[in-house]
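Nothing in this text is a laboratory measurement; each read-out follows from the coordinates by a stated rule. What you see is a predicted model, and the numbers here were worked out from it, not measured in a lab. Methodologically, a virtual Cβ is constructed for each residue, glycine included, from the backbone with ideal geometry; neighbour enumeration extends over all protein chains shown.
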Amino acid sequence: MHGLSTWRRRRCLDCEAVFTTEETINLEQSLRVKRASSPLEPFLYEKLYLHVYNAVSHRKTAHTDAKGLSATIVSKLIPCKNGILHSSEIKTASSEVLKRFDNAAATYYEARHNR
């Protein structure tokens, strides 16, 4: 996920080979989502991505846009308290990010998620 990982260059102490590692946050284990009438559930990046993709599907660059927008939304959500997100926080962050990017996409998203 773009913007949510750390890349490190490493050198093998035995053979001196240089390689790159990538460290990412395991969102599914680190974050939980609280909905009004259900128990805590894991945060699923793929679910967020699909909702964002549906909102921007009218754009020629929908896949790339959805990847970047989803990463931006997650970066706004990561500093949550105790690893628990309320579904309303996800909706608000998603709407704000989409509004800055594409007002039509934000309108579509809000119509589908503000029920």
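List of remarks:
- Residue ranges 11-24, 34-47, 59-72 sort as 59-72, 34-47, 11-24 when ordered by packing (mean number of other C-beta atoms within 10 Å per residue, highest first).
- Using alpha-carbon coordinates, inclination of helix 103-113 to the longest axis of the chain, degrees: 80
- Other residues whose C-beta falls under 12 angstrom from the C-beta of Ile84 contribute a net charge of +2, scoring Lys and Arg +1 and Asp and Glu -1.
- With a Cα cut-off of under 13 Å and a minimum spacing of 8 residues unless on different chains, the lysine pairs in the chain number 6.
- [x] 1.06; [y] 1.27; [z] 1.11, with the label sought being that of the calculated Cα Rg over 2.2 N^0.38 Å: [y]
- Electrostatic tally near Lys34: other residues with Cβ closer than 11 Å to its Cβ, Lys and Arg +1, Asp and Glu -1, net 0.
- For Leu85, residues with placed amide H under 5 Å, excluding near neighbours: Arg32, Val33, Lys34
- 0 to 90° range, to nearest 10: angle between helix 62-77 axis and the chain longest Cα axis: 90
- Summarising the strand pairing of the chain, around 75 percent of its internal DSSP beta bridges are antiparallel.
- Taken over the range 1-43, the ratio of Cα radius of gyration to 2.2 N^0.38 Å equals 1.90.
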